[in-house]
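Asks: I'd like to ask some things about the structure below.
The values are calculated or read from the model by the stated rules, or taken from the named source; none is laboratory data. Everything numeric in this text was worked out from a predicted model, so none of it was measured. Reconstructed Cβ throughout: ideal geometry from the backbone, glycine too, with neighbour counts over all protein chains shown. Accessible surface areas use protein heavy atoms only, side chains included; no ligands, DNA or RNA. Shrake-Rupley method; radii C 1.70, N 1.55, O 1.52, S 1.80 Å.
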Amino acid sequence: MNAADLPPELAQPATPGLMDAVRSIAQGSLAGRAYAIDRGAYPVDLLKQLAAAGAMSAHLEKADGTPGDYGLAILAMAEAAKVCGATGFMMWCQCVAGLYLQASGNPGLTGERLARHVRGETLGGTGLSNPMKSFAQIESLLLKATPVDGGYVVNGVLPWVSNLAPDHYFGAIAAVQTDGPGASREMMFMLRCNAPGVTLKTCPEFSGMEGTGTFSVHCKDLFVGADDIVADPAKPTIARIRGGFVLLQCGIAAGIIQGAIDSMWAVEGQLGHVNQFLEDRPADLQAEFDALAGRILKLAETPFDTSTDYFIDVLDARAHGAELCLRAANSALMHQGARGYLMGSEVQRRVREAQFVAIVTPAIKHLRKEIARLSAEEMPA
Amino acid sequence: MTLQPTPVSAAVQTLAPWQSYICHACGYIYNEAEGDPDSGLAAGTRFCDIPEDWACPLCGVTKSDFALYEAPSLDALRAQASDCATAAWTNTSRSAHGVVIVGAGRAGWQLAEAVRARDSAIPITIVTACAGDVYDKPLLSVALARRIAPEKLIKETGVAAARRLKLRLLPHTHAVRICKETRQLRTTRGTLRYDQLVLAHGAKALLPPALPAALCWRINHLGAYLKLREALGDAATTGPKDLLIVGAGLIGSELANDLALGGHRVTLLDVQGEPLARWHAAQAGSQVLQAWKDLPIRFVGGVKVANVERLALNAERLWHPQPAGTACAGQTTRLRITTECGQHFAADEVIVAAGLQTPSRLARSANLAWADGIAVDPHTLRTSDERIHAMGDCVTLDGQASRFIEPIFRQATTIAATITACAPVPYEVRPTIVRVKTTSLPLTLH
């Protein structure tokens, strides 16, 4: 996202210091390690630096009650994702884990645990891919929670959860097993990866984004106590944070799109005479992206709007981001030619990052299905 | 001890700004500041100091294939690229995106017919949330009386009409947003580019906030009507149903008339004291009540519905005690309707006909002028965006909606003439004549 191309009121982030800090990390040590991260090196130190700089907590409400700044959180994520999409994605994981901790209102999660999370001393992720698809009627819940004295016992397997390590944690949702009649419900909790009964298993190799700390998580009789409960029942909390959850993801797309456009301009002087015959030229993509960025930052002003119309707008912005990612990354490769196709080139890495944005939950197809479901007129059954 | 003075030429060399050299073969840029450590060239190695046997680290060509590189200014590149884009645009006499129409009701199909009649080649795409089948909406008000089987309401399937008109139909597709800067229509089946966009998506039946959508039918298109007919069954074989219709305007009155003729018992409610109160001066209400005097229609005026709920089975028995054994498993319970003044009604189905409202999502997304509907120029039917027209139930002319069949054909003619660059056919607003299809005594209202 090029600040110079944004409307004036959006161009100046509220705390310019944060953007400078993120830019310095992104253009500095992150730039040199982006290839290694893509191939599998999990950058725990960089993530902690970014978190400590405030890059993954700008959206959180401040201690004095000042509302968080979702736009700033998205811009910060984009600044890193421009250099390394995987890092942008892990920043999103950390962002939403913080959102869960804060939204829980549970003193066991909001106090020192949230503070350490915000300072980047501890890292976390989100296992809501499956529940999101479950709520959109795409698949059923994989974790089951049985009520026991003082909490729940959880069983089941989540296939892919990112930004994890043995001492990390993530937000998860389980279907509560209840006997007899009564409405089914779900409960949301923070799953500690080092709790007894939890096993992290290495996933099969992906084509990119390998250094994202992604594991399958196996739960065998995992006890979840009151201190780890985010929301029970989960749905009211999900309804409140779903807009922000999806909207924050737009930061990853924004960075990848801008990175791709920048790499087109990088070869324009030398190759413009042939590149002019390509579709999706950088100026066209920039204009489309700037309009989208303006929309995203406008939506970021009211992240807790629970109206259907607002959520459709958020889903559509996220879908547009994914579609533009694919087009921009692909076009950048066409613009750069062979040099962009080199194994170490950021240009072809970005093609795989863009594909990730398009398939990670909510994938383009999920977004469209959910928009269609929310747009349909409800009638008697 | 004396210090050897630095030769002037060497000093100039050291102080000179770092240069970059580009490989003509692959585009690799050698930056003197960074050097090429992998090939043994330390950072700060001047290009001229590179041994002749050094090879480009990417493609292997030699030093002689490199030339001094000055990064061009981004502004200059942008200006140059935009000149090319302009040239490409003006060289194309007609770009290939054509006309995109949102809505496949009478208005959408009429426009497609009118455009295709004038231009056999222009690409036309119709995006519609429904199945896209062609039907006459007024027939929904008389289908039972005329004994038209539901499946006979479809005149031509959407697929067949699309094939006949050589257009692309995207059925069951929601239009989500117009990106007018890039002339894109975002939909749930992908993004369409357009040269001309025509909004013909109609209006949506209003549902007062107190009434739950899951319990109240609204009949404004064929899909909902067919589902209602399925829920009602055939009065002759499965018995008559008790129906409650909220709103005794044109649609509510026509539906009441037809459903009663179809053998069902109808209660018709309205906030006004008589049906068709909009045509009070023409005494429409008293005439229509006279026409209904032998039909199972009960009109209750001056009431406003406050609540609709599905009764629990036990509660319903208190209301409508049934002989033992009549309630069988799986039987659905009835609905209870409560008015603001405390009256209660029971019904098998509730239909709300409380007026129409244009959905604003698409218009809002393109910042189109809005006046209780999409505001269009009364002569050209153009919206505030020069590439977007609108017609039918979704538009207002001078703030007035006119949700009738008659203007649609003339509106389609006007817009099609503009889009296909034929001689303009300005639209003119004419007074509407309304035929109330209360079959036992049809009324004509002005």
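Asks: When only the heavy atoms of the protein chains count and the probe is 1.4 Å, how do B:264, B:174, A:273 rank by accessible area, highest first?
Replies: Largest to smallest exposure gives the sequence A:273, B:174, B:264.
Asks: Moving on. Work out which residues of segment A:305-330 lose at minimum 30 square angstrom of accessible surface when the other protein chains are put back, relative to the chain isolated, with a 1.4 angstrom probe, and list them by number.
Replies: For segment A:305-330, once contacts with the other chains are taken into account, A:309, A:313, A:316, A:320, A:323 lose 30 Å² or more.
Asks: Let me know the whole percent of all Cα-Cα pairs from segment B:396-446 that are separated by more than 19 Å.
Replies: Tail of the P(r) past 19 Å holds 43 percent of the pairs.
Asks: Continuing with this model, one more query. Separation between the residue B:311 and residue A:194 pseudo-spin-labels, each 7 Å from Cα along Cα→Cβ, expressed in nm?
Replies: Here the modelled spin labels are 6.3 nm apart.
Asks: Normalising by the residue count of chain B, find the relative contact order in percent from Cα pairs under 8 Å and 6+ residues apart.
Replies: 14 percent
Asks: Something else: Which value, in debye to the nearest 20, gives the size of the charge dipole of the protein assembly as shown about its Cα centre, when Lys and Arg are +1 and Asp and Glu are -1 at the Cβ?
Replies: Computed charge dipole of the protein assembly as shown: roughly 3000 debye.
Asks: Still on this model: Modelled label-to-label distance, residue B:166 and residue B:213, 7 Å Cα→beta-carbon offset: nm?
Replies: Computed distance between label sites residue B:166 and residue B:213 equals 4.0 nm.
Asks: Work out from phi, with θ = phi - 60° and the Karplus expression 6.51 cos²θ - 1.76 cosθ + 1.60, the ³J(HN,Hα) of each residue of segment A:209-226, listed in order in whole Hz, and give x for Gly and Pro.
Replies: Each residue of segment A:209-226 in turn: 6, 7, x, 9, x, 9, 9, 8, 10, 9, 10, 10, 6, 6, 8, 10, x, 4 Hz.
Asks: Taking 22 Å as R0, compute the FRET efficiency from the Cβ-Cβ separation of residue B:278 and residue B:430 and round it to 0.05.
Replies: 0.75
Asks: Continuing with the same structure: Given all pairs of different Cα atoms, what value in angstroms does the Kirkwood hydrodynamic radius of chain B take?
Replies: By the Kirkwood definition, the hydrodynamic radius is 27.3 Å.
Asks: So, one more: Report which residues of segment A:333-354 become buried by 20 Å² or more of accessible surface when going from the isolated chain to the complete set of protein chains (1.4 Å probe; DNA, RNA and ligands ignored).
Replies: A:339, A:342
Asks: To check my understanding: the extent here is largest minus smallest coordinate of the Cα atoms along each principal axis. What are those three numbers for segment B:360-446, in Å, largest first?
Replies: Here the spans come out as 46, 31, 17 Å, largest first.
Asks: Total Å² of accessible surface buried at the B-A contact, 1.4 Å probe, nearest 100?
Replies: The B and A chains share an interface burying roughly 2900 Å².
Asks: What percent of all Cα-Cα pairs in segment A:330-373 falls into each 5 Å bin, going from 0 up to the bin containing the maximum distance?
Replies: 6, 24, 20, 14, 12, 11, 8, 5, 1
Asks: How big is the Kirkwood radius of segment A:244-381, worked out from every pair of different alpha carbons and given in Å to one decimal?
Replies: By the Kirkwood definition, the hydrodynamic radius is 15.9 Å.
Asks: If you look at just the Cα atoms of segment B:26-166, how large are its Rg and its Dmax in Å?
Replies: Rg and Dmax of segment B:26-166, Cα atoms, are 32.4, 98 Å.
Asks: Could you list, bin by bin from short to long, the percent of Cα-Cα pairs of segment B:339-404 in 10 Å steps?
Replies: Histogram of Cα-Cα distances, whole percents per bin: 19, 41, 14, 16, 10, 1.
Asks: With r as the distance between the Cβ atoms of residue A:298 and residue A:240 and R0 = 22 Å, compute the FRET efficiency 1/(1 + (r/R0)^6) and round to 0.05.
Replies: 0.65
Asks: Continuing with the same structure: Against the globular-protein guess of 2.2 N^0.38 Å, express the Cα radius of gyration of segment B:177-242 as a ratio, rounded to two decimals.
Replies: After normalising by residue count via 2.2 N^0.38 Å, the value is 1.73.
Asks: Does anyone have the angle between helix B:222-232 and the longest principal axis of chain B? Alpha-carbon axes, 0 to 90°, nearest 10?
Replies: 40 degrees
Asks: In addition: Check each of the chymotrypsin sites (Phe, Trp or Tyr not before Pro) in segment A:222-315 and keep only those in coil by DSSP with at most 12 other C-beta atoms within 10 angstrom; list them in order.
Replies: A:277
Asks: If you count only protein heavy atoms with a 1.4 Å probe, what accessible area per residue comes out for segment B:326-436, rounded to a whole Å²?
Replies: Using a 1.4 Å probe on heavy atoms only, each residue of segment B:326-436 averages 47 Å².
Asks: So, one more: I'd like the carbon and sulfur percentage of the solvent accessible area for the protein assembly as shown, probe radius 1.4 Å, heavy atoms only, ligands and nucleic acids excluded.
Replies: In the protein assembly as shown, the share of accessible area belonging to carbon and sulfur is 55 percent.
Asks: For residue B:52 paired with residue A:359, estimate the spin-label separation in nm (one decimal), with each label point 7 Å from Cα along the Cα-to-Cβ line.
Replies: Between residue B:52 and residue A:359, the simple spin-label model gives 5.2 nm.
Asks: Here is a further query. For chain A, how many pairs of lysine residues have a Cα-Cα distance under 23 Å, where the two are 8 or more positions apart or belong to different chains?
Replies: Lysine pairs meeting the criterion: 16.
Asks: Give me the accessible area per residue for chain A, probe 1.4 Å, as a whole number in Å².
Replies: 38 Å²
Asks: Here is a follow-up. Under Stokes-Einstein, with the Kirkwood radius over Cα pairs standing in for Rh, what whole-number D in µm²/s applies to segment A:216-307 at 10 °C and 1.306 mPa s?
Replies: Calculated translational D: 93 µm²/s.
Asks: Also: Starting from the eigenvalues of the Cα gyration tensor, five times each then square-rooted, give me the equivalent ellipsoid semi-axes of segment B:214-302, largest first, whole Å.
Replies: Calculated on Cα positions only, the semi-axes equal 23, 15, 11 Å.
Asks: Separate question: What does the accessible area of residue A:313 come to, in Å² to the nearest 10, when a probe of 1.4 Å is used?
Replies: 30 Å²
Asks: Would you tell me the accessible area of residue A:169, worked out with a 1.4 angstrom probe on the heavy atoms of the protein chains, in Å² to the nearest 10?
Replies: 20 Å²
Asks: Within chain A, which DSSP H helices have Cα atoms that stretch 20 Å or more along the helix axis and a mean Kyte-Doolittle hydropathy of at least 0.0?
Replies: Going by DSSP H runs, the hits are A:85-104, A:235-266, A:282-299, A:308-336.
Asks: Taking θ as phi - 60°, what are the ³J(HN,Hα) couplings along segment B:35-43 by the Karplus curve (6.51, -1.76, 1.60), each to the nearest whole Hz, with x for Gly and Pro?
Replies: 3J(HN,Hα) across segment B:35-43, in whole Hz: x, 9, x, 4, 9, x, 9, 5, 4.
Asks: So, one more: Based on the Cα coordinates of chain A, what is the per residue volume of their convex hull in Å³?
Replies: Taking only Cα atoms, chain A has a hull volume of 140 Å³ per residue.
Asks: With equal scatterers on the alpha carbons only and no solvent term, can you work out the Debye log10 of I(q)/I(0) for segment A:178-336 at 0.13 1/Å?
Replies: -0.86
Asks: Here's another thing I want to ask about it. For chain B, what is the mean residue ellipticity at 222 nm derived from helices alone (per DSSP H run of n ≥ 4: -39500 (n - 2.57); sum divided by total residues; nearest 500 deg cm²/dmol)?
Replies: Taken over chain B, the calculation gives -7000 deg cm²/dmol.
Asks: Quick one: accessible surface of residue B:429, probe radius 1.4 Å, all protein chains present, in square angstrom to the nearest 10.
Replies: 100 Å²
Asks: Could you work out, for segment A:45-136, what percent of all Cα-Cα pairs fall into each 10 Å distance bin, beginning at 0 Å and stopping at the bin that holds the largest distance?
Replies: So the P(r) values, bin by bin, are 17, 50, 29, 5.
Asks: How big is the shadow of the Cα convex hull of the protein assembly as shown, averaged over all directions, in nm²?
Replies: Projected over every direction and averaged, the Cα hull of the protein assembly as shown covers 46.8 nm².
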